Amino acid sequence: MSFGHIVTILLKIVTVYTGVALAVRPYPMRWENWWAKGIFAVLMAAATAFRAGNTFWVKSSAPEIIIEAFYLFVVLLIFFKINIWQLLVRNFLYWCHLLMLEYFAVYLI
């Protein structure tokens, strides 16, 4: 594994974690059981693994980010007590800005 892949995987982990943290940071979970937190952690690990694993086969693309944003939106809506419109706006703004930053980085390279 090259240094570029390691940096890309770390970037994907940070983007997933940051997206979740910015979307639901002040809101409590719907269930405070350990199994709900465990299922949520597994679903977040799956999103991170998909995003990190995808760097080996294809480059980041708009459809990939849209699918991932929709997946995270649904998972966060299920597990957190948050208004659907607040979550939609936060999720949309974060992933659109991230996509613009990635396109800008590609343009610079």
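The values are calculated or read from the model by the stated rules, or taken from the named source; none is laboratory data. Please read all numbers here as calculations on a predicted model, not as lab measurements. Reconstructed Cβ throughout: ideal geometry from the backbone, glycine too, with neighbour counts over all protein chains shown. Side chains are part of the model used for accessible areas, which takes the heavy atoms of the whole protein and leaves out ligands, DNA and RNA. Shrake-Rupley method; radii C 1.70, N 1.55, O 1.52, S 1.80 Å.
Only protein heavy atoms count here; on that basis, with a 1.4 Å probe, ILE84 has an accessible area of about 80 Å². When you restrict to C-alpha pairs under 8 Å that are six or more residues apart and normalise by the size of the chain, the relative contact order lands at 39 percent.
Heavy-atom accessible area per residue, the chain, 1.4 Å probe: how many Å²? Mind showing how you got there, number by number?
Details: 7210 Å² over 109 residues.
Result: 66 Å² of accessible area for each residue.
Rounding to the nearest 20 debye, state how big the charge dipole of the chain is about its Cα centre with +1 on each Lys and Arg Cβ and -1 on each Asp and Glu Cβ. Walk me through the intermediate numbers first.
Working: 8 positive and 4 negative charges, 44 e Å.
Once rounded to the nearest 20, the dipole reads 220 debye.
Relative to the longest principal axis of the Cα atoms of the chain, the long axis of helix 3-24 makes an angle of roughly 30 degrees.
In terms of accessible area, using a 1.4 Å probe and ignoring ligands and nucleic acids, TYR17, TYR103 rank largest first as TYR17, TYR103.
Extension gain for HIS97-ALA46 works out to 16.1 nm (0.36 nm per residue, less the C-alpha to C-alpha distance). Summarising the amide proton neighbourhood of PHE80: residues at separation of 5 or more, or on other chains, whose placed amide H is nearer than 5 Å comprise ARG30.
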